[in-house]
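The values are calculated or read from the model by the stated rules, or taken from the named source; none is laboratory data. The structure presented is a predicted model; accordingly, all values stated were derived computationally and were not measured. Every residue, glycine among them, receives a Cβ derived from its backbone with ideal geometry; neighbour counts consider all protein chains shown. Accessible surface areas use protein heavy atoms only, side chains included; no ligands, DNA or RNA. Shrake-Rupley method; radii C 1.70, N 1.55, O 1.52, S 1.80 Å.
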Amino acid sequence: QQQQQQQQQIGPQAMQTDGQPCLQEEATQRGDGTQGDATQGTEPTVQQLPLPPAKRSKMTDGEPTTSNGSDGISEGQSANGVSVMQPITSSSCSMQQGEDGWPILPGPVLPDDQLKAAYQEQLGELCLGSFDSTLPRAYHSAFSSMAAKSGGSIGGAKMKRLTRELRDLAGRSSLPCDPAASIFLRHDADSLDKMRAILTGPEGTPYAFGCFAFDLFFPSSYPDTAMLVNFETTGQGRARFNPNLYADGKVCLSLINTWHASHESEKWNPSQTTTFQVLVSIQAMILVEDPYYNEPAHEAARGTDTGRSSAASYNAELTLNTMRYACIDKIKNPPPGFEEAVRRHFRLTRHKLAATARSWAAAAAETGDELLAKRSHAAARELIGLLAAL
């Protein structure tokens, strides 16, 4: 009880960015801040209870750890019986191992239809909500500065459009909620023009089941001009997850006018393009099965032995980064406003994710890169251990 009280008295500490500043050629297109993925915080719309503050994180050989040994969150009860989030470590469970040497996960393996029903029941209410963008690492700092310069006012057409979009997302244009691919969106409780989205990697891709954060800012000219988007899950600028997702946070997508479009229908249209369409496009067109070919110069190699070999090596690097930064780091340091959504997502998909992680480790071993194989195996073991402790 004394330890819990001491934890609650410790103030949140500033965190280093998970995504480096999005270097920009035009200030109206991208920010230059340094904030990245969020650490543990509160869930304003879903959970109003106080949570233990986040601990300062550090990186060791590119792998996320925590300074006090805490690896994440789990549910427990405080002395007064109130449900709170408790630290998760890979040793929080018995860590029983199977004959193959991998940790054994608790609980039954649900058939796909039952898993989908359980996922939608437990996470459907968490797809849309609000958050506090002022918390450490909760939101891209350059976007916060832009919002501050506007005086916090959201006038006329912009407010009307954002209000309508959020109303649609809560109704007929609901966000996808499926273990195979989901989108969770939070808007700042005091300013609708600051949003963060978490897109889960589609099953069957090198991003499968990972949680990828994107910050959105809607300038005063919105919807006449597109919103600004910055990719935050970059391992503090270490990882480039796609030819269209840069380590500095830049997102190349014709729909937001950051990449050339071959047709007018692929460009931002003030009267038709919405936040929903942008997020779904990122998930469907960027987080794909073979992202190696998203680089135009590589398309000619598709279907060739050279192309298949290069794509496999590219994916092996991506899956390591997905385990490290989109899974392990998110379990340890869930972004503010997404704590419960992240916990439930990984808990429900853990059997599928564990099997996927083992296959990724095996694929890395087939590349012939011993260091990559070693790191992938270590990341898979750590991830499965964390999943077992949820």
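Each principal axis of the Cα cloud of the stretch 101-389 was taken in turn, and the coordinate range along them, longest first, works out to 60, 45, 35 Å. FRET efficiency for the pair E125 and T306, taken as 1/(1 + (r/R0)^6) with r the Cβ-Cβ distance and R0 = 35 Å, rounds to 0.15.
Computed from backbone phi with θ = phi - 60° and the Karplus coefficients 6.51, -1.76 and 1.60, the 3J(HN,Hα) list for the stretch 158-167 is 5, 5, 4, 5, 4, 4, 5, 5, 5, 5 Hz; x is used for glycine and proline.
Relative contact order, whole percent, for the stretch 101-389 stands at 19, derived from Cα pairs under 8 Å and 6 or more residues apart.
Couplings 3J(HN,Hα) for the stretch 204-217, derived from phi with the Karplus relation 6.51 cos²θ - 1.76 cosθ + 1.60 (θ = phi - 60°), are x, 10, x, 10, 3, 6, x, 10, 10, 9, 10, 9, 10, 10 Hz, where x marks Gly and Pro. The slack in the chain from D224 to D112, taken as 0.36 nm per residue of separation less the alpha-carbon distance, amounts to 36.1 nm.
Protection proxy ranking for 293-305, 319-331, 222-234, using the average of other Cβ atoms within 10 Å per residue and placing the highest first: 319-331, 222-234, 293-305. If you roll a 1.4 Å probe over the stretch 101-389 with all protein chains in place, what percent of the accessible area is carbon or sulfur? Whole-percent figure for carbon plus sulfur exposure: 51. Between S145 and A297, the modelled label-to-label distance comes to 3.2 nm, taking each label 7 Å out from Cα in the direction of the beta carbon.
Modelled this way, with points 7 Å down the Cα-to-C-beta line, the labels at D168 and K374 are 5.2 nm from one another. For the stretch 128-145, 3J(HN,Hα) computed residue by residue from phi via the Karplus equation (6.51, -1.76, 1.60; θ = phi - 60°) reads 10, x, 10, 8, 9, 6, 8, 5, x, 6, 7, 7, 4, 5, 5, 5, 4, 5 Hz, glycine and proline entered as x. Pairs of lysine residues in the stretch 101-389 that meet both criteria, 8 or more places apart or on different chains and Cα atoms under 28 Å apart, total 26.
Full extension of the chain between M159 and R344 yields a length gain of 63.4 nm, computed as 0.36 nm times the residue separation minus the alpha carbon distance. Separation of the stretch 354-379 and the stretch 216-273, taken as the distance between their Cα centroids, equals 31 angstrom. Packing around the peptides 308-317, 157-166, 334-343, taken as the average count of other Cβ atoms within 10 Å per residue, puts them in this order, highest first: 334-343, 308-317, 157-166. Protection proxy ranking for 101-109, 349-357, 211-219, 284-292, using the average of other Cβ atoms within 10 Å per residue and placing the highest first: 211-219, 349-357, 284-292, 101-109. Rolling a 1.4 Å probe over the protein heavy atoms gives the stretch 198-341 an accessible area of 33 Å² per residue.
A Förster radius of 22 Å, combined with the Cβ-Cβ distance separating H351 from E289, puts the computed FRET efficiency at roughly 0.55.
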